[in-house]
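Quick note: the coordinates plus some simple rules give every number you see, no bench work behind them. These numbers were taken from a predicted model, which means no experiment stands behind them. Every residue, glycine among them, receives a Cβ derived from its backbone with ideal geometry; neighbour counts consider all protein chains shown.
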Amino acid sequence: MQHYEVKRLGAFATGLARAELVVLSGTKVKELRCDVTAEQQIWIEALKREKNRVEKIHKKSRDEGKKSSAQFLPERVPQPWVWSRSGPGHLSDFDDAFLLSVTDFDYDLDDQDFVQFLKDAAQLHICRARSSTYWHLLQTKSVSFEEFGGHPELQFAQEYQGKRHRYSEGEMYGLWRIFLRTRVYLQGAYDSYRKRQTEAPTVSVELKVV
């Protein structure tokens, strides 16, 4: 079993996104609350996918009467980086299910120092106006596509030549995908912001993907 260091900073996650943590003393626990970053939550999902991929290779080889040499090697799975001062555009490389693996958020847009952090990085605009429905939904943290699309304010584009375009369902889904990436990006930004404030202690764990 591989050993990993999990930094105590970032969003709370219960059970670490369907992963099982085993304390180094050997005591197994079904649930462990531990501070983990958005990157680590996505990384755990990446580990699970790689494990499933290797298992499918083994099964195919067995069905064909062959022996597979494929190995599940966690160290080959890169840990993603969701915070960048250039903005959240790079998150388009991840599919929706990958980003949905980040289920716990603790960023706070009422934290004026964090808002200033985003402003200094020229990224505050992704949250839109402070009084807007979009800003409020970002604070809500957990928002489904149905809830997002149910807000009249979000269903129309800005007025242009006296008219306001009403988004189609497909366009609304595209806006929700942007919203999803914005939340994950903000959590990554908040992790980075808090890390700069103080270097938190480290918790040593053994990670077993289940």
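Odds and ends about this structure:
- Pairwise centroid distance, computed over Cα atoms, of region 110-140 with region 157-178, Å: 21 Å
- Convex hull projection area averaged over all views, region 33-149, Cα basis, nm²: 10.4 nm²
- Annotation for Gln71 and Asp93: the two label points, set 7 Å from Cα along the Cα-Cβ direction, are 2.6 nm apart.
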